[in-house]
Amino acid sequence: QSTWGLFRCLFRVKLNQHHHHLRKMSSLIAEGEKKYPKAENVTYRYGTAGFRYESSVLPPILYRVGLLATLRSQSLNGAAIGVMITASHNPPQDNGVKICDPNGDMINPTWEKHATEIANASNLEDFVKTLQVEGSKATVVVGRDTRDSSEKLANICIEGILALKGEVIDIGICTTPQLHYHTLCLSLKREDNYFDRLSQGYKTLISNTKPTNKYVVDCANGVGTFPLNKFVGLLKDDLLLTPANTNTSDTNLLNVDSGADYVQKKKNWPKNVDTSSGANSFASLDGDADRVVFYYVNDKNQFVLLDGDQIAALFVDFISEQTTISGIKDQLTIGIVQTAYANGSSTAFLKGRGVSVSITATGVKHLHKEAHHFDIGIYFEANGHGTCLLSEKFFQTVNNGLANTQLSETQHTALKRLAAFAEIINPAVGDAISDFLAVSAILQVRGWTLSDWHNQTYRDIPSRMTVVRVKDRTIITTTVDETKALSPEGLQEKVEEAVKQYGGVKGRSFVRPSGTEDVVRVYAEAETEEEAQKLAVEVMKIVFLNAGGVGELPTSC
């Protein structure tokens, strides 16, 4: 009886300690909710880019994200969850936050919905209880970009994590891809060093070659400046590179007239970058270094852009070549994933290479998910955001080939190149610096300039991308791949009539609602620049008149 009594006494002590622990957590949650109150009559939404708003709006959202990331980790028995504070290519006054799962992917769709729910919850303690998370251990990795507001917002997020007794790993200023990579490595209990992995892969891939291209890389005065400078040091004998737009101390310069988004949309030079340096090759990263585009001057002194579609084409061409030489192509599935924004010429080029092409809705989460269906799944948006996902079967096949002494030296060289390419690629997410290094290495192996790359792939069909402001973007719905409008009734038929009138044989156009603001995005392709312009303007007018346009009828784009 005395033993049983002691057991009951110890049980009561443990139970009281547990209840005290829960009361303390509830108190901390309530304190945080009071300290960072949600604005009334405002609805927040976790979209493709996470939460993204003017920075003064974000403190209550960041506190709640800290709670949610901790709960997500607890639900996975303490596996690391990543939180990145950034607004990517947005202006300096904006900021935002994204959450990633232990495998480095975007957060699970169910928990993406929970992110929207917790951001709008009227009582945080009640909301936390409704999720019914059983675990207690949690690890959250927090990173941030260089914006003035980022450190403060990161600290608010950490308050939310600590309120639920989560362990915080604060890696400070980093690129978004570095945050995803670090989270993945923690989850795999792998101590890979980001810089060692990418630089060694680069050196292996370009072995026995010499650099021929001289690069200037525009960093958009953003966080990509720091890792790029480090790679300049690590690869100084193998990569001729000068960083530009690297002023991270004046945060008002972030993304201003610079960066991948600016160059891709304007099809023009960023500030402080030109040919006077003697460089023949140029690239731009965006503000958080998850997008990259390339450009050069042709022999007619014209600016030529090589965007995400071109990067995908180069990757496909190289991988197809090396898998064919090594004899493993028939053992692996190779697929390319695009959105409706992919230039029609790129899709035709890829299909001509015998590669499976899938079209998904806009947004990296859709592309990334589809790319996992292949052993070698390549996805890029035209804006330069993308990567190459490689399956376990890919690595097993390459390693088996390398161990096969019956293969020729040429086959082994191709296999080594594939293995090195895999080391350069960030396995978690699209990474501007990783993609830049992969492109640079492929060009060096082939002895190509940017002009050679362009000439060996395809020429873009002239296109225009623009927006129309509307009262309510939700009245426009589309097919899953966003290539056709389903409502309002009659809108799609009018767009198709405009394509027949202005587009020529290669013409196409589509409209889709923005995921973040009341605008409708219009995309148009036609046989000439003039026809692309006319088609885009005509479709803008159609949207304005049929979907509640705001302001004056568009006459130009």
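The values are calculated or read from the model by the stated rules, or taken from the named source; none is laboratory data. Note that this is a predicted model, so its numbers are computed, not measured. With ideal geometry, Cβ positions are generated from the backbone for all residues, glycine too; neighbour counts draw on all protein chains shown. We work out accessible area using only protein heavy atoms, side chains counted, and drop any ligands, DNA or RNA first. Shrake-Rupley method; radii C 1.70, N 1.55, O 1.52, S 1.80 Å.
Going through the range 223-240 one residue at a time, which ones are touching a Lys or Arg at 6+ places or on another chain (Cβ under 9 Å) and buried (at least 22 other Cβ atoms within 10 Å of the Cβ)? Within the range 223-240, just VAL223 meets the criteria.
Here's the yes/no breakdown for (1) touching a strand residue (DSSP E or B) at 6+ places or on another chain (Cβ under 8 Å); (2) of a type in the set (A, V, I, L, M, F, W, C):
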{"site": "LEU402", "(1), (2)": "no, yes"}
{"site": "GLU409", "(1), (2)": "no, no"}
{"site": "ASN426", "(1), (2)": "yes, no"}
{"site": "LEU437", "(1), (2)": "no, yes"}
{"site": "ALA441", "(1), (2)": "no, yes"}
{"site": "VAL445", "(1), (2)": "no, yes"}
{"site": "LEU450", "(1), (2)": "yes, yes"}
{"site": "VAL467", "(1), (2)": "yes, yes"}
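Do we find that VAL537 is at pLDDT below 95 and over 27 Å from ALA87 (Cα atoms) in this structure? Answer is no for this residue.
If the condition is being of a type outside the set (S, T, N, Q), touching a residue at least 40 places away in the same chain (Cβ under 8 Å) and surrounded by fewer than 20 Cβ atoms within 10 Å (Cβ to Cβ), then the range 124-151 contributes GLU125, LEU131, VAL133, GLU134, GLY135, LYS137, ASP148.
To keep it simple, each residue is scored yes or no on (1) outside any helix (DSSP H, G or I); (2) over 28 Å from TYR341 (Cβ atoms).
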{"position": "VAL217", "(1), (2)": "yes, no"}
{"position": "ALA220", "(1), (2)": "yes, no"}
{"position": "PHE231", "(1), (2)": "no, yes"}
{"position": "TYR262", "(1), (2)": "no, no"}
{"position": "LYS265", "(1), (2)": "no, no"}
{"position": "PRO270", "(1), (2)": "yes, no"}
{"position": "SER276", "(1), (2)": "no, yes"}
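Within the range 540-557, if we keep just the residues that are free of Cβ contacts under 8 Å to residues at least 24 places away in the same chain and of a type in the set (A, V, I, L, M, F, W, C), the residue that is least open to solvent (accessible area, probe 1.4 Å) turns out to be LEU553. Looking only at residues in the range 20-74 that are part of a loop (DSSP other than H, G, I, E, B) and of a type in the set (A, V, I, L, M), the one that is modelled with the lowest pLDDT is ALA49. Filtered by the rule that a residue be assigned to a strand (DSSP E or B) and crowded, with 20+ Cβ neighbours inside 10 Å, the range 335-358 gives GLY335, ILE336, VAL337, GLN338, THR339. Does the range 152-169 hold any residues that are open to solvent by less than 60 Å² (accessible area, probe 1.4 Å) and either of a type in the set (Val, Ile, Thr) or without any contact (Cβ under 8 Å) to a residue 40 or more places away in the chain (or both), and which are they? Answer for the range 152-169, where residues must be open to solvent by less than 60 Å² (accessible area, probe 1.4 Å) and either of a type in the set (Val, Ile, Thr) or without any contact (Cβ under 8 Å) to a residue 40 or more places away in the chain (or both): ILE156, ILE158, ILE161, VAL168, ILE169.
Contact annotation: residue pairs with Cβ atoms under 8 Å, 6 or more positions apart or on different chains, pairing a residue in the range 521-539 that is in contact (Cβ under 8 Å) with a residue 12 or more places away in the chain with a partner that is of a type in the set (Asp, Glu) and in a strand (DSSP E or B), are ALA532/GLU525; LEU535/GLU525.
Checking each residue in the range 486-512 for being under 27 Å from HIS366 (Cβ atoms), open to solvent by less than 90 Å² (accessible area, probe 1.4 Å) and modelled with pLDDT under 95 picks out only GLY503. From the residues in the range 99-123 that are in a loop (DSSP other than H, G, I, E, B) and in contact with a His (Cβ under 7 Å, 6 or more places away or on another chain), which one is least open to solvent (accessible area, probe 1.4 Å)? Only one residue tops the list, namely GLY104.
If you filter the range 246-269 down to residues that are touching a residue at least 24 places away in the same chain (Cβ under 8 Å) and on the phi > 0 side of the Ramachandran plot, you find that the one that is most open to solvent (accessible area, probe 1.4 Å) is LYS267.
When the criteria are applied in full, GLY78 fails the requirement of being surrounded by 24 or more Cβ atoms within 10 Å (Cβ to Cβ) and either part of a helix (DSSP H, G or I) or touching a residue at least 40 places away in the same chain (Cβ under 8 Å) (or both). Being surrounded by fewer than 20 Cβ atoms within 10 Å (Cβ to Cβ), closer than 24 Å to GLY222 by Cβ and under 20 Å from the mean Cα position of the chain (by Cα) is a condition met by no residue of the range 270-278.
Among the candidates ASP192, ASP196, which residue alone is part of a loop (DSSP other than H, G, I, E, B) and either charged (D, E, K, R) or touching a Lys or Arg at 6+ places or on another chain (Cβ under 8 Å) (or both)? From the options ASP192, ASP196, the qualifying one is ASP192. Taken over the range 126-147, the residue count meeting the criterion of being assigned to a loop (DSSP other than H, G, I, E, B) and closer than 10 Å to SER73 by Cβ is 4. Tallying residues that are surrounded by 21 or more Cβ atoms within 10 Å (Cβ to Cβ) and in a loop (DSSP other than H, G, I, E, B) within the range 279-302 yields 6. In the range 368-387, the residues that are part of a helix (DSSP H, G or I) form Cβ pairs under 6 Å with partners that are surrounded by fewer than 23 Cβ atoms within 10 Å (Cβ to Cβ), at six or more places apart or across chains, as follows: GLU370/SER358; GLU370/THR360.
Restricting attention to the range 402-440, the residues being in a helix (DSSP H, G or I), over 21 Å from PHE294 (Cβ atoms), touching a Ser or Thr at 6+ places or on another chain (Cβ under 9 Å) and open to solvent by less than 10 Å² (accessible area, probe 1.4 Å) number 3. Residues of the range 446-485 that are in contact with a Lys or Arg (Cβ under 9 Å, 6 or more places away or on another chain), touching a residue at least 60 places away in the same chain (Cβ under 8 Å), assigned to a helix (DSSP H, G or I) and surrounded by fewer than 19 Cβ atoms within 10 Å (Cβ to Cβ): GLN456 alone. Given the structure, is GLY172 part of a strand (DSSP E or B), open to solvent by 10 Å² or more (accessible area, probe 1.4 Å) and not β-branched (Val, Ile, Thr)? Answer is yes for this residue.
Among the listed residues GLU517, GLU496, identify the single one that is in contact with a Ser or Thr (Cβ under 9 Å, 6 or more places away or on another chain) and either farther than 30 Å from GLN322 by Cβ or in contact (Cβ under 8 Å) with a residue 12 or more places away in the chain (or both).
GLU496
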